[in-house]
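None of the figures in this text is laboratory data; all of them are computed from the coordinates on show. Treat the numbers as computed from the prediction; the structure is a model and nothing was measured. No Cβ is skipped: glycine too gets one built from the backbone with ideal geometry, and neighbour counts run over all protein chains shown.
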Amino acid sequence: MDILSKCIKIIDVNIITCLVPIIITFLVIEGFYPNRFQTKKALKITCNFLIVFTIINSIIFGIGLLDQPKRYAIYNRSTGPYAFAYWLMLSTTIIAPLTLFIRKLSSKFWYVILVAFSLKLGFFFEHFVIILTSFHRDNLITNNNYILEYLVLPIGLICIQGILIALTFLCILEVFKHYLSKRNI
């Protein structure tokens with residue numbers, strides 16, 4: 001179970017965090033080169049990946065909650081002062097990706113971007129709180145690079161990683177399509 005949790009964490013950090021730039025890259029490529037690249041197929045595979053990831057992550061969360069309830073502290077978070085944010089994050093993480101089962105919704109780029117953003121709502125909320133508290137007078141750094149450190153660099157790295165993953169994925173789909181067309185001849 002520990003190895004599976006580590007694999008899920010690696011996928012979460014490297015792919016799920018970069019989903020918004022990945023899907024925006026698919027959208028931009030589809031806009032500039034309509035029907036040239038397999039962006040619709042890439043979006044469909046991405047939606048299926050999101051659904052599978054959500055189901056596996058929910059099962060692991062449920063097993064962990066039953067096995068070690070103190071580790072997850074669900075009662076304190078769900079009834080504390082930030083209960084609305086906790087329930088919002090939990091419901092968007094579990095329910096929103098499952099709406100991608102509806103084919104009409106999963107074929108729309110903008111809806112998948114919304115689902116990808118809502119999937120990482122807790123991540124963005126946590127970083128918002130960290131950034132907001134770091135601007136407190138006592139914690140303010142003397143050099144004026146804090147905006148660059150807290151906002152520009154992480155967002156830029158996530159965007160660059162997402163663009164590279166999207167382009168690599170589209171190249172793999174094109175090579176696979178070329179291989180299948182050569183094999184059929």
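General remarks:
- GNM flexibility winner over the chain from A85, A42, A166 (Cα, springs under 10 Å): A85
- Virtual spin-label span in nm between L98 and L153, 7 Å along Cα→Cβ: 4.0 nm
- L65/I10 FRET efficiency (R0 25 Å; Cβ-Cβ; nearest 0.05): 0.70
- For the chain, the longest principal axis of the alpha carbon atoms and the long axis of helix 121-134 meet at an angle near 50°.
- Rounded tilt (10° steps) of 83-98 against the dominant C-alpha axis of the chain: 10 degrees
- A Förster radius of 45 Å, combined with the Cβ-Cβ distance separating H178 from S78, puts the computed FRET efficiency at roughly 0.30.
- Degrees, to the nearest 10: 2-11 long Cα axis against longest axis of the chain: 70 degrees
- Along the chain, the longest continuous region that contains none of the trypsin sites (Lys or Arg not before Pro) in a DSSP loop with at most 15 other C-beta atoms within 10 Å is 109-185.
- Nearest-0.05 FRET efficiency for D2 and F117, computed from C-beta distance (R0 35 Å): 0.75
- In order through region 163-168: 3J(HN,Hα) via Karplus (6.51 cos²θ - 1.76 cosθ + 1.60), integer Hz, x for Gly, Pro: 5, 5, 5, 5, 5, 5
- [x] 26, 20, 17; [y] 33, 24, 15; [z] 24, 22, 15, with the label sought being that of the calculated semi-axes √(5λ) of the Cα gyration tensor in Å: [y]
- Mean ellipticity per residue at 222 nm, deg cm²/dmol - from DSSP H runs of n ≥ 4 across the chain, formula -39500 (n - 2.57): -24500 deg cm²/dmol
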